[in-house]
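Asks: The structure's right below; bear with me while I get my questions together.
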Amino acid sequence: MAFEGLSERLQSTLSKMRGKGKISEADVKEMMREVRLALLEADVNFKVVKQFVNDVKERAVGQDVMKSLTPGQQVVKIVHEELSNLMGSDVVPISFSQKPPTVVMMVGLQGAGKTTTTGKLANLIRKKHNRSPLLVAADIYRPAAIKQLETLGKQLDLPVFSLGDQVKPEEIVTKALEYAKTNHHDFVLIDTAGRLHIDETLMGELENVKTIAKPNEIFLVVDSMTGQDAVNVADSFNEKLGITGVVLTKLDGDTRGGAALSIKAVTGAPIKFVGLGEKLDALEPFHPERMASRILGMGDVLSLIEKAETQMDQDAAKELESKIRDASFTFDDFIEQLAQVKNMGPIDELLSMLPGAGKMKGLKNVQIDEKQLDHVEAIIRSMTKHERANPEVLNASRRKRIAKGSGRSIQEVNRLIKQFDDMKKMMKQMSGQMKGKKKGLGLPFF
Amino acid sequence: MSFFKKLKEKLTTSTQEVSQKFTEGLTKTRDGFASAVNDLVYRFREVDEDFFDELEDLLIQADVGVTTTMDLVEDLKEEVKRRNLKDPVAVRDALVEVVAKRLQEDESDRELNMQDGLTVILFVGVNGVGKTTTIGKLAHQLKSEGRSVMLAAGDTFRAGAIEQLQVWGERVGVPVIRQTEGSDPAAVVFDAVQAAKSRNMDVLICDTAGRLQNKVNLMKELEKVKRVIEREVPNGPHEVLLALDATTGQNAMVQAKAFKEATNVSGIVLTKLDGTAKGGIVLAIRNELDIPVKYVGLGEKIDDLQEFDPEQFVLGLFGDVFEDKNEGALTEKEDTNEDLA
Ligand SMILES: Nc1nc2c(ncn2[C@@H]2O[C@H](COP(=O)(O)OP(=O)(O)OP(=O)(O)O)[C@@H](O)[C@H]2O)c(=O)[nH]1
Ligand SMILES: Nc1nc2c(ncn2[C@@H]2O[C@H](COP(=O)(O)OP(=O)(O)OP(=O)(O)O)[C@@H](O)[C@H]2O)c(=O)[nH]1
Ligand SMILES: [Mg+2]
Ligand SMILES: [Mg+2]
């Protein structure tokens, strides 16, 4: 059950108003109600929502939403802008210490993703900033927490400092910093145990660690699926420790992630990174306007496009785009796409970034099992050149022959052809939506 | 017997039964919620639209979700009309009643479906919600009931996951069937089932890697694990328990739906209820899905697992409200009236 995005919500509100001529102030109020509901369903804290809706309403009434021919779009635009502004205007980089080592402390609730993010961050720092990181295992409570960090260290081929689970975190950190200095590690990441923000003892422990480590950054790691309680958690951690940044994890899921807005609103600390998977390279800088789109249910189109762009040959992309436009896409293009898609990573991940992916009939029918790609390839390769370029000639007897040739069932062949048709229809729709865009973009909609 | 009499009786007769731990764990939850309700009740002298609006905010703040909140408040409005309730205290009581009813709907099947022979329990859920920890706690509970328990280290993916389960196995004193990191989870579970059979175990609990419900391939992998159990054990798995983090917002509903579809989830464990998250998602889950909540997690220690008892839950959630009603509330209200007079 994916929730309705703001655009859809406003659409249905507006269709009720249609025929009345101009939009009244009461209509704006009605639209604001939809904005409120959309944000609440996205898990933005209700107090934050209230404030936000008030601000937006002022702008909406002040600006010419009421006179606009497309009041729905106008409202979406304002909401989107305000959301982006609220979540920060730009990517905020890590602050490095003048005098090495730079020390980063990871804190947060249980299971938020601290240990994993510690590994990811170390990886990124080494790659992008050419530093020599040391990972510090300061979680002495969770069973096998040290082993977990050590395993990540091994995968990354990075050193992990540990004194076992019988030594206090304060002491571990003290020794770790000495170790870092003598061994010339200029970047120290401290993985701490998950804890409840209301746990006085354990919060006190973090304060001690902070005093000892004098970290340049204290990152609050937050699960993007967090609900209304995000404000309490963020507020407590911030009050006790003064967090300098936030890492939002598990954004590869399908949550709207309204917690991002709540946390920013109560702490003022910038969201610096987002976690997009369990693997150690799945950490990316935070983009406010993408997050805004996501919260509003508009899909993470930009991320998808960026991903597509980096993976695709630009010329091929342009050519594909024009094919999508005039819908002259053939099975030959399809098979080329398959190869591209295979290079891009898990398909379900890509699809989940598409706006309204859940609703598109064409998409739903497309099987996303990666193994099936091979079957698809086999089927297409059993078509003649003529058939590939002119799919409409694929009658029953041709289909039977293709099934035999590829070793797949006739049903599978039928399904593929049906999917191909669906996809073409979808491309037509999408190309309509893409016309407004400046850049030439090829989206491999498999 | 009237609803409130019954609850009152339950409150007095079962106070001792209401385990210390449960009450402690829920104190935060209850205090927050109950005092907010009380605030609300005393701020409004009359029950009007504003009152219901505020009530809506309150439920939304507890992660109940917009749809369920609206439903609930709608019911409440009706109840208020039907009973011709005027004063907020009476309305508050109606609220408690409506909520309790929702939670009590599926009373029948909140116990584990234990077999005479081998019982297989499969744990599923998204990343970091508390599957492995809950398995440790549950194994401890079942073992102390005199059953022989075995664990299967079906999370072969996450760093340190096998060792984590191993530590729990040692703590509880039960065997853990494991293979190396990266091996096929279905194969681990297959091995474990054979081991459990040959060693005549009462219960086998299978851990699985955390996975986000929108990852098609990972969900398929989970289906495969389940199929292995189906094939190897008659009527197995006998329980598929979905771990949900009480801190999770509306996505928990999406999770429940997706995991139900993939593995036919038979029950929910609501973890981390010892935090300040209100756990209101339980209401939404009861309302929209037909999956009973079986356990709640109230901490990281071995005995921090409690059976989910809807009445206890409501009593915990509204405990203060009741005490107020039966003792202090009326006087307080009279006081208010006097003040105003
Ligand atoms: N899909 C996905 N999973 C993630 C992400 N970040 C972390 N995880 C997973 O979330 C789970 C918990 O991650 P950990 O790093 O152990 O979390 P933690 O905060 O260190 O947990 P504690 O130390 O127990 O408090 C693991 O299964 C991770 O693989 C992410 O960005 N995406
Ligand atoms: N406060 C609290 N913490 C809990 C509870 N249950 C689990 N935890 C903690 O939450 C974190 C994650 O728990 P795990 O059992 O590793 O979660 P998991 O679902 O197995 O995680 P993955 O296997 O990585 O998906 C650990 O730090 C646990 O100690 C609970 O009821 N209350
Ligand atoms: Mg950790
Ligand atoms: Mg686990």
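The values are calculated or read from the model by the stated rules, or taken from the named source; none is laboratory data. Owing to the predicted nature of the structure, the values given are computational and were not obtained by experimental measurement. Because the Cβ atoms are built from the backbone with ideal geometry, glycine has one as well, and the counts that use them run over all protein chains shown. In case anyone asks, the SASA skips ligands and DNA or RNA and just uses the protein heavy atoms, side chains included. Shrake-Rupley method; radii C 1.70, N 1.55, O 1.52, S 1.80 Å.
Asks: Using r as the Cβ-Cβ distance of B:Glu230 and B:Ala187, and R0 as 22 Å, what FRET efficiency do you calculate, to the nearest 0.05?
Replies: It comes to 0.90.
Asks: Within 10 Å of each Cβ in A:108-114, how many Cβ atoms from other chains are there, averaged over the peptide?
Replies: Partner Cβ neighbours, averaged per residue: 5.
Asks: Highest mean first, what order results for A:180-186, A:272-278 on Cβ atoms within 10 Å?
Replies: Going from most to least packed, we get A:272-278, A:180-186.
Asks: Next question, about the same structure. Could you work out the local net charge near B:Thr248, counting Lys and Arg as +1, Asp and Glu as -1, over the other residues with Cβ closer than 11 Å to its Cβ?
Replies: Neighbourhood net charge equals -3.
Asks: Sticking with this one: Can you tell me which of B:198-207, B:228-237 comes out highest on packing, and rank the rest after it, using the mean Cβ neighbours within 10 Å?
Replies: B:198-207, B:228-237
Asks: For the ranges A:237-243, B:163-169, what's the packing order if you count other beta-carbon atoms within 10 Å of each residue, average per peptide, and put the highest first?
Replies: With the highest mean Cβ count within 10 Å placed first, the list reads B:163-169, A:237-243.
Asks: Go ahead and run the numbers for FRET between B:Lys301 and B:Asn217, Cβ-Cβ distance against an R0 of 41 Å, rounding to 0.05.
Replies: Rounded to the nearest 0.05, the efficiency is 0.70.
Asks: Related question: When Cβ neighbours within 10 Å are restricted to other protein chains, what is their mean count per residue of peptide B:129-140?
Replies: 1
Asks: In nm, what is the difference between 0.36 nm times the number of residues separating A:Asn208 and A:Arg126 and their Cα-Cα distance?
Replies: 26.7 nm
Asks: How far apart, in nm, are the 7 Å Cα→Cβ label points at B:Asp48 and B:Arg83?
Replies: About 2.3 nm separates the two model spin labels.
Asks: Additional query: Within 10 Å of each Cβ in B:208-216, how many Cβ atoms from other chains are there, averaged over the peptide?
Replies: Other-chain Cβ atoms within 10 Å of each residue's Cβ, averaged: 6.
Asks: Related question: With a 1.4 Å probe and all protein chains kept in place, how much accessible area does B:Leu244 have, in Å² rounded to the nearest 10?
Replies: Here the accessible area works out near 0 Å².
Asks: Separation of segment B:70-142 and segment A:207-240 by C-alpha centroid, Å?
Replies: Using only Cα atoms to place each centre, the spacing works out to 31 Å.
Asks: Next question. Return the distance in nm (one decimal) between the two label points of a simple spin-label model at A:Asn390 and B:Met114, each offset 7 Å from Cα along Cα→Cβ.
Replies: 7.2 nm
Asks: Grab the beta carbon distance between A:Ser328 and A:Gln11, set R0 = 30 Å, and tell me the FRET efficiency rounded to 0.05.
Replies: Calculated transfer efficiency: 0.45.
Asks: Using 0.36 nm times the number of residues separating A:Asp421 and A:Thr201, minus their current alpha carbon distance, what extension gain do you get?
Replies: My answer for the length gained is 73.0 nm.
Asks: How big is the B/A interface in buried accessible area, both sides summed, 1.4 Å probe, to the nearest 100 Å²?
Replies: In total, chains B and A hide about 3900 Å² from solvent.
Asks: For segment A:79-164, report the accessible area per residue in Å² (1.4 Å probe, heavy atoms, rounded to an integer).
Replies: 41 Å²
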